[in-house]
Ligand code: IFL
């Protein structure tokens with residue numbers, strides 16, 4: 001049954017979450033079909049109102065650009081491609097691939113974030129190549145990586161934050177662990193596919209340079225100068241600015257068999273568990289601490305940190321990973337949709353919006369891949385049903401300005417990752433599709449599938 005928007009607006013926040021949180025039964029196949037239908041619906045609206053633009057504005061029907069200012073690279077289209085393929089939305093996938101081959105051009109005089117452009121566009125094109133086998137798509141990924149590569153030519157080997165796509169001029173030397181060290185799976189894959197090791201080597205050098213500058217507690221902080229290697233901030237966090245640095249240490253081991261990265265992951269994780277792990281009322285959180293003294297500096301958690309339970313599970317700490325994910329699932333049950341910031345000490349949101357985030361679904365999917373417990377599917381189901389209730393707008397799915405208001409207040413932005421991440425996580429969680437190898441696979445921080453597609457099905 002489809003519930004009308006008016007009907008959705010009655011009742012308290014907690015009552016508005018899809019099913020009872022600990023009810024782990026559902027018609028998973030039907031849910032998967034529902035996810036697929038929502039993806040097709042959103043794609044068709046994007047095609048009609050924002051074709052080739054970066055992002056659709058789902059409330060007004062307008063569009064916005066990212067990662068360039070005022071120029072578009074078809075970000076949502078590229079991010080959607082492998083999701084369309086794995087769902088079997090083949091004609092839409094083909095029209096997207098055709099657009100990439102005929103219309104996508106990176107020769108633009110404008111600055112982009114090296115990190116965002118790599119995870120979203122290089123990664124999106126690599127997964128689209130994995131799905132299509134099309135060498136032209138791979139050539140586009142290589143062209144873009146070639147334009148980003150000069151950013152790594154700093155004195156330390158850690159990349160500048162930004163680069164001009166046409167001139168190759170880098171800028172913004174103050175960067176973060178996530179901006180510096182979230183490349184190896186994509187760039188290692190690109191090196192494997194092209195035989196050109198410059199991508200992998202640059203990405204790896206940056207990781208090692210960052211790791212070597214960790215504190216005596218084995219913690220990293222959020223800001224560092226890539227020219228001098230001097231830290232510009234003292235806060236260690238598993239959230240924004242650092243999150244995918246830890247993720248890609250594990251991933252480089254998982255995807256590329258990089259044993260040094262496995263060692264770095266173990267060192268960093270042991271430090272986080274020793275200095276940041278906090279239990280409150282039976283819930284597991286990770287405090288922000290001073291990276292040299294270990295003193296707690298904040299009890300606020302970014303929503304982004306809710307990915308961490310999945311990573312802990314992948315790294316072998318299944319009980320802690322499950323506990324961390326359950327802590328966030330309780331916040332989801334309370335508000336329906338996670339707020340962008342949450343203070344676990346006060347039990348209150350600190351940022352009331354939600355940028356249509358995928359992290360809790362990501363963690364649930366990763367944990368489910370490991371132990372197949374229906375509980376993780378149920379968390380993904382609740383994430384999906386709440387999104388359908390609250391984020392659906394006239395022209396697609398939108399972010400929220402306030403998750404605590406009743407009704408929840410919509411903003412007007414569909415970020416590119418929506419197409420690549422949660423829609424794929426939900427579908428893979430529910431569908432049992434033969435197009436995906438559930439035992440041997442790899443999904444990037446942006447949800448791009450770099451390993452695990454099964455063809456001929
Ligand atoms: O781009 C997304 C990706 O998962 C990431 N950070 C945040 C985004 C989604 O919230 O690494």
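Can you tell me which of 144, 148 is assigned to a helix (DSSP H, G or I) and touching a strand residue (DSSP E or B) at 6+ places or on another chain (Cβ under 8 Å)?
Details: 144 fails: touching a strand residue (DSSP E or B) at 6+ places or on another chain (Cβ under 8 Å).
Result of the check over 144, 148: 148.
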Residues of the stretch 58-76 satisfying the condition of being touching a residue at least 60 places away in the same chain (Cβ under 8 Å) and crowded, with 17+ Cβ neighbours inside 10 Å: 58, 59, 64, 66, 68, 75, 76
Among (1) buried (at least 17 other Cβ atoms within 10 Å of the Cβ); (2) within 16 Å of the ligand (Cβ to nearest atom), the one test that residue 368 misses: (2)
Test for residue 111: is it in contact (Cβ under 8 Å) with a residue 12 or more places away in the chain, under 19 Å from the mean Cα position of the chain (by Cα) and surrounded by fewer than 24 Cβ atoms within 10 Å (Cβ to Cβ): no
Positions within the stretch 346-365 being under 15 Å from residue 239 (Cβ atoms) and more than 12 Å from the ligand (Cβ to nearest atom), in sequence order: 349, 350, 351
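Among 437, 399, which is modelled with pLDDT of 95 or more, touching a strand residue (DSSP E or B) at 6+ places or on another chain (Cβ under 9 Å) and over 30 Å from residue 64 (Cβ atoms)?
Testing whether each residue is modelled with pLDDT of 95 or more, touching a strand residue (DSSP E or B) at 6+ places or on another chain (Cβ under 9 Å) and over 30 Å from residue 64 (Cβ atoms) leaves just 437.
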Top-ranked residue of the stretch 296-313 - restricted to ones that are out of contact with any strand residue (DSSP E or B) (no Cβ under 7 Å at 6 or more places or on another chain) and away from the ligand (no atom under 16 Å from the Cβ), ranked as nearest to residue 217 (Cα to Cα): 312
Test: residue in the stretch 316-324 that is in contact with a strand residue (DSSP E or B) (Cβ under 6 Å, 6 or more places away or on another chain), in a strand (DSSP E or B) and either away from the ligand (no atom under 16 Å from the Cβ) or farther than 19 Å from residue 349 by Cβ (or both): no
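Restricting the search to the stretch 187-203, which residues are over 30 Å from residue 234 (Cβ atoms) and either touching a strand residue (DSSP E or B) at 6+ places or on another chain (Cβ under 8 Å) or in contact (Cβ under 8 Å) with a residue 60 or more places away in the chain (or both)? Reasoning before the result, please.
Our first condition is that a residue be over 30 Å from residue 234 (Cβ atoms); within the stretch 187-203, this holds for 188-201.
188, 189, 190, 193, listed by residue number.
Hey, can you tell me all the residues within the stretch 238-253 that are over 19 Å from residue 116 (Cβ atoms) and touching a strand residue (DSSP E or B) at 6+ places or on another chain (Cβ under 8 Å)? It would help to see each step written out before you state the result.
Of the stretch 238-253, the ones over 19 Å from residue 116 (Cβ atoms) are 238, 249-250, 252-253.
Passing the criteria: only 238.
Is it true that some residue in the stretch 252-259 is within 22 Å of residue 372 (Cα to Cα), surrounded by fewer than 24 Cβ atoms within 10 Å (Cβ to Cβ) and either more than 16 Å from the ligand (Cβ to nearest atom) or touching a residue at least 60 places away in the same chain (Cβ under 8 Å) (or both)?
Within the stretch 252-259, the first condition is being within 22 Å of residue 372 (Cα to Cα), and the residues that meet it are 254-255.
Right, trim to surrounded by fewer than 24 Cβ atoms within 10 Å (Cβ to Cβ) and you get 254-255.
Filter again for either more than 16 Å from the ligand (Cβ to nearest atom) or touching a residue at least 60 places away in the same chain (Cβ under 8 Å) (or both), leaving 254-255.
Looking for residues that are within 22 Å of residue 372 (Cα to Cα), surrounded by fewer than 24 Cβ atoms within 10 Å (Cβ to Cβ) and either more than 16 Å from the ligand (Cβ to nearest atom) or touching a residue at least 60 places away in the same chain (Cβ under 8 Å) (or both), one finds at least one in the stretch 252-259, hence yes.
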Residues of the stretch 25-57 satisfying the condition of being farther than 16 Å from residue 87 by Cβ, free of Cβ contacts under 8 Å to residues at least 24 places away in the same chain and exposed (fewer than 15 other Cβ atoms within 10 Å of the Cβ): 27, 48
Among the candidates 144, 121, residue that is within 16 Å of the ligand (Cβ to nearest atom) and under 30 Å from residue 457 (Cβ atoms): 121
Residue 158, sole failed condition from (1) free of Cβ contacts under 8 Å to residues at least 60 places away in the same chain; (2) in a loop (DSSP other than H, G, I, E, B): (1)
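What strands (runs of 3 or more DSSP E), lying completely within the stretch 340-437, carry at least 1 residues that are without any contact (Cβ under 8 Å) to a residue 12 or more places away in the chain?
Working: elements: 341-343, 348-351, 400-402.
In the stretch 340-437, 348-351 are the strands (runs of 3 or more DSSP E) which contain 1 or more residues that are without any contact (Cβ under 8 Å) to a residue 12 or more places away in the chain.
Right, residue 11: over 21 Å from residue 447 (Cβ atoms) and either modelled with pLDDT of 95 or more or in a loop (DSSP other than H, G, I, E, B) (or both) or not? Even if it seems obvious, please write down each step before you answer.
Values: over 21 Å from residue 447 (Cβ atoms): yes; either modelled with pLDDT of 95 or more or in a loop (DSSP other than H, G, I, E, B) (or both): yes.
The answer is yes for residue 11.
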Options 144, 193, 138, 148; residue that is touching a helix residue (DSSP H, G or I) at 6+ places or on another chain (Cβ under 9 Å) and over 18 Å from residue 73 (Cα atoms): 193
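The values are calculated or read from the model by the stated rules, or taken from the named source; none is laboratory data. Note that the structure is predicted; figures quoted are calculated from it, not measured. Cβ: placed from backbone, ideal geometry, glycine included. Neighbour counts: every protein chain shown.
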